[in-house]
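*Asks:* Got a structure here, written out as structure tokens. Questions coming.
Just so it is clear, none of the values below were taken in a lab; they were calculated from the coordinates. These figures come from a predicted structure and were not determined experimentally. We place every Cβ from the backbone using ideal geometry, glycine too, and count neighbours over all the protein chains shown.
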Amino acid sequence: MVDKFVEYLKFEKKFSPHTLVSYQNDMNQFGEYLKKTYEIEKPEQASAMMIRSWMAGLMQQKMAAKSVIRKASTLRTFYKFLLRQGVITATPMAKITAPKTPSRLPVFVNKKEMEDLLTGIQFPDGFTGIRDRLVLELFYATGIRRTELITLKDSDVNLYNLTIKVLGKRNKERIIPVTPFFKKYAEAYKAEKKKIASDSPAFFINENGTPLYEQEVYRLVKKYLGMVTTLQKKSPHVLRHTFATHILDNGADINAVKELLGHSNLSSTQVYTHNTLEKLKRVHKQAHPRG
């Protein structure tokens, strides 16, 4: 049933290749544990006690709570699938409580550092410098994910209307506004791009004319963030956190931010309100007579 489960995730749930690999690995690890420990060949035969034993063993091996929680989520999805297929009549995960993980606030770049990044750095002349500048501008202007950026096509970028069309998780499309700054740099970039690969459907390409890939984007962002911030973590996702934190701090409606980020649940967006709350606390402390 594991193979059918993975097919279900791929074709019906539209999970990304990266997520599919994670689910497959989780199921393989659980299957190996069942064979070795209980001589059980099929995960659908596992009991709550066996699942709890596996998770406890992972914790004893010092696996991060976040990783154990993800594996528990994989099993929960698997047994729900079995319920729908009529293979089981009750899910053993009903009796399983995943370990707690401390909530961590998103890491973000402060406004001065972002201003230094976008206006203070001297980018290299020519195609590479113009492209790098545009990549950073787009991340900060929209908060899109790295995968969404590298899959962006020329036809998805509408400079007349100042919007881009993004294909997000579960193949959900959304339209996101961009800034006039983005339009300015995008026009310069497209002029340089024509000299390298005028027929490429991918919006972002490298010097060889092939589409940018994830590691290139990661290295690019890490390089330039390292010039303006001492944050330990420097990644495209930090710029996504930065976008959300800054526009919420400037008064954006949280439901609008949820749509811009492509979140399914408001709870995913609410984590970014931390900076606004901290700002309110500072104002309250400074202004209140008993602060």
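*Asks:* Can you find, among Y185, L261, L105, the residue sitting farthest towards the positive end of the charge dipole of the chain, where Lys and Arg contribute +1 and Asp and Glu -1 at Cβ?
*Replies:* So the residue we want is L105.
*Asks:* Here's another thing I want to ask about it. Whole angstrom only: what separates the Cα centroid of segment 1-45 from the Cα centroid of segment 97-166?
*Replies:* 34
*Asks:* If you filter segment 25-78 for trypsin sites (Lys or Arg not before Pro), then keep DSSP loop positions with at most 11 other Cβ within 10 Å, what is left?
*Replies:* Details: sites: K35, K36, R52, K62, K66, R70, K71, R76; in loops: K62.
The qualifying sites are K62.
*Asks:* Run through all the Cα pairs of segment 2-95 and give the fraction in each 10 Å bin from 0, expressed as whole percent.
*Replies:* 16, 51, 31, 3
*Asks:* Take the Cα atoms of segment 149-291, find their three principal axes, and give me the spread along each one in whole Å, biggest first.
*Replies:* Largest first, segment 149-291 extends 65, 32, 28 Å along its Cα principal axes.
*Asks:* Please get the size of the charge dipole for the chain, origin at its Cα centre, with Cβ charges of +1 on Lys and Arg and -1 on Asp and Glu, quoted in debye to the nearest 20.
*Replies:* Numbers: 48 positive and 28 negative charges, 204 e Å.
With only Lys, Arg, Asp and Glu charged at Cβ, the dipole is about 980 debye.
*Asks:* Quick one, could you list the DSSP H helices from the chain stretching 15 Å or more along their long axis (Cα atoms) with average Kyte-Doolittle hydropathy of 0.5 or above? Before the final figure, lay out each step's value.
*Replies:* Details: long enough: 17-38 (31 Å, -1.07); 48-60 (18 Å, 0.72); 65-85 (30 Å, -0.18); 127-142 (22 Å, 0.52); 180-197 (25 Å, -0.96); 214-225 (17 Å, -0.78); 236-249 (20 Å, 0.02); 274-287 (20 Å, -1.44).
Length and hydropathy pass: 48-60, 127-142.
*Asks:* Of R290, R84, how do they rank once you tally other Cβ atoms within 10 Å and put the fewest first? Write down the numbers at each step before the final one.
*Replies:* Values: R290 4, R84 10.
So the ranking, lowest neighbour count to highest, is R290, R84.
*Asks:* Rounded to whole Hz and in sequence order, give me ³J(HN,Hα) for segment 88-96 from the Karplus expression 6.51 cos²θ - 1.76 cosθ + 1.60, θ = phi - 60°, writing x for Gly and Pro.
*Replies:* Once rounded to whole Hz, the list reads 10, 10, 8, 8, x, 6, 4, 9, 9.
*Asks:* With springs only between Cα atoms under 10 Å, which of F182, F78, F139 fluctuates most in a Gaussian network model of the chain?
*Replies:* Comparing F182, F78, F139 in the GNM, the peak value goes to F78.
*Asks:* Oh, and also: So what is the diffusion coefficient of segment 1-47 in µm² per second by Stokes-Einstein at 4 °C and 1.567 mPa s, using a Kirkwood Rh over Cα pairs?
*Replies:* Values: Rh = 11.2 Å.
Here the translational diffusion coefficient equals 115 µm²/s.
*Asks:* Also, I was wondering about something else. Most fluctuating residue of T119, T230, T37 in a GNM of the chain with Cα springs under 10 Å: which is it?
*Replies:* Taking springs between Cα atoms under 10 Å, the residue moving most is T37.
*Asks:* Something else now. Find the all-direction average of the projected area of the Cα convex hull for the chain, expressing the result in square nanometres with one decimal place.
*Replies:* On the way: hull surface 80.2 nm².
Across all orientations, the chain yields a mean hull projection of 20.0 nm².
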